[in-house]
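Taking it in order: structure first as structure tokens, then the write-up.
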Amino acid sequence: MNDISKISMMCSFIGYLILSGNVSAIKFLYGTAWREHPALIKTIDELQRHLTTAEILGDTRGIYGMEFLYHWGMVCLGELSPLIFKDLKAARVCFEKIKPSVPQAEARLAYIELLESTEPAKDYHNICCLEELRKCASKQRDLFSMIVLAKICFYSFLEEQQQRNPDAPIIELPLKAMRLLEYPIQQGHPVAIRFWNDMVNCLECPPEIRPPYCAEKSICQQVLYDLKSSASM
Amino acid sequence: MIGLCATTQIISWDQETKLWDGVPFDINFSQDFSVACIDGRALTGIPMDEVFRALLNPLSAPALSPVLPLSFEEQERSRMFWADIEKQEKKERKRKLKWKRKHPKPSSLEEAEKNFDRILNDLGVQENE
């Protein structure tokens, strides 16, 4: 058996475990997806075909528990890697189901609402969703909410820049986005570190005045396991 | 539109080739795992930790670089960098306030902007909470 067959077999087994509601397997997949191992990305892709909203909603036997749904929802949000398809419908169903017992679920749902919104940024409903994210970021020190707020801030900065002068080079980054990323980066959150480096890559200025890249060596996988339940608070 | 950040997530050429590398992997969840063996060991008998470790560091693949702690100089540089950003942001806030005082807007629009700014601004408040 060569390495590819072995890896295929292991990933298939992990996928099988996940389909049976195994929490360690889903946590492993969630915690390692940022590494973008092709076999794991392919496993996620396959799982998204099998573990759909219908499967989750139709789970009357309680195969998929709170911890499982939280991590599968986080995988489906697709923030760990651009190679992961953003299955917002599945993510929404997961977070809806655990909303009563997981304080961060409201913020995740608010983020999904924002992603699906076609209204202008300052629309009332969007402001309410941003407020939900803000609350989660400040009161619960939720790293994911800080990162998505930074992303929203950066994309609205790009949009404004585009409207003002589409040909102007980007020579500075929005300070708010930078500040929002500070704590998640210090904690070693892989999504924050990657996003920071993506922002720095957008800059069209001499390297001497460009902010430094964040080394991936400071990534700490453990910070991804951030599930809080109402019982633990 | 905020939803823009969903649509801008486009797979780049580099990333797409990474996916191609994954093509030979044959992922099939419906096999009979009770008879599956790896190196003569029953797959279901291998501890999960071992499966996970083997997946991330297969023998023939280059090992993933170890996560090294930041050196003292790196930590210091990072601290100075963030302190500088904080200073700049404070300055920008002051500049904005001055500008707003000089160029008042009709109240409803001003309120909407204030709400939006407050939300994005909030990390400073968070530290005091």
Considering only the stretch A:114-128, I want to know if a residue exists there that is surrounded by 18 or more Cβ atoms within 10 Å (Cβ to Cβ) and under 16 Å from the mean Cα position of the chain (by Cα).
yes
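So is A:SER20 buried (at least 22 other Cβ atoms within 10 Å of the Cβ) and either under 27 Å from B:THR44 (Cβ atoms) or more than 13 Å from every other protein chain (Cβ to nearest Cβ) (or both) or not?
no
Matching residues to (1) in contact with a Pro (Cβ under 8 Å, 6 or more places away or on another chain); (2) of a type in the set (Gly, Ala, Ser):
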site	(1), (2)
A:ASP3	yes, no
A:LYS27	no, no
A:THR53	no, no
A:ILE56	no, no
A:PRO100	no, no
A:ALA105	no, yes
A:ILE112	no, no
Contact list, first residue from the stretch A:182-207 and at positive phi, second anywhere and of a type in the set (Ser, Thr, Tyr) and buried (at least 19 other Cβ atoms within 10 Å of the Cβ), beta-carbon distance below 6 Å, six or more apart or interchain, is A:GLY188/A:SER218
Can A:SER117 be described as among the polar types (S, T, N, Q) and either within 14 Å of chain B (Cβ to nearest Cβ) or within 16 Å of A:LEU224 (Cβ to Cβ) (or both)?
yes
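Residue check: is A:GLY65 out of contact with any Leu (no Cβ under 8 Å at 6 or more places or on another chain), crowded, with 23+ Cβ neighbours inside 10 Å and not β-branched (Val, Ile, Thr)?
no
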Could you check, for the stretch A:105-113, whether at least one of its residues is buried (at least 23 other Cβ atoms within 10 Å of the Cβ) and basic (Lys, Arg)?
yes
Does A:ILE171 satisfy the criteria of being β-branched (Val, Ile, Thr), exposed (fewer than 15 other Cβ atoms within 10 Å of the Cβ) and outside any helix (DSSP H, G or I)?
yes
Restricted to the stretch B:13-39 and to residues being at pLDDT 85 or above and assigned to a loop (DSSP other than H, G, I, E, B), the residue nearest to A:ILE14 (Cα to Cα) is B:PHE29
Quick one: is A:ALA168 within 23 Å of A:GLU106 (Cα to Cα) and among the small types (Gly, Ala, Ser)?
no
Any residue at all in the stretch A:150-158 that is free of Cβ contacts under 8 Å to residues at least 24 places away in the same chain and polar (S, T, N, Q)?
no
Among the residues that make up the stretch A:23-38, is at least one of them within 28 Å of A:LEU149 (Cα to Cα), more than 8 Å from chain B (Cβ to nearest Cβ), part of a helix (DSSP H, G or I) and among the small types (Gly, Ala, Ser)?
yes
Quick check on A:LYS228: is it assigned to a loop (DSSP other than H, G, I, E, B) and within 30 Å of A:VAL23 (Cα to Cα)?
yes
Test: A:ALA25 is touching a helix residue (DSSP H, G or I) at 6+ places or on another chain (Cβ under 6 Å) and more than 28 Å from A:GLU106 (Cβ to Cβ)
no
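The values are calculated or read from the model by the stated rules, or taken from the named source; none is laboratory data. All figures in this text were calculated on a predicted structure; none of them were measured in a lab. Heads up, the Cβs are rebuilt from the backbone with ideal geometry, glycines too, and the neighbour counts pull from every protein chain shown.
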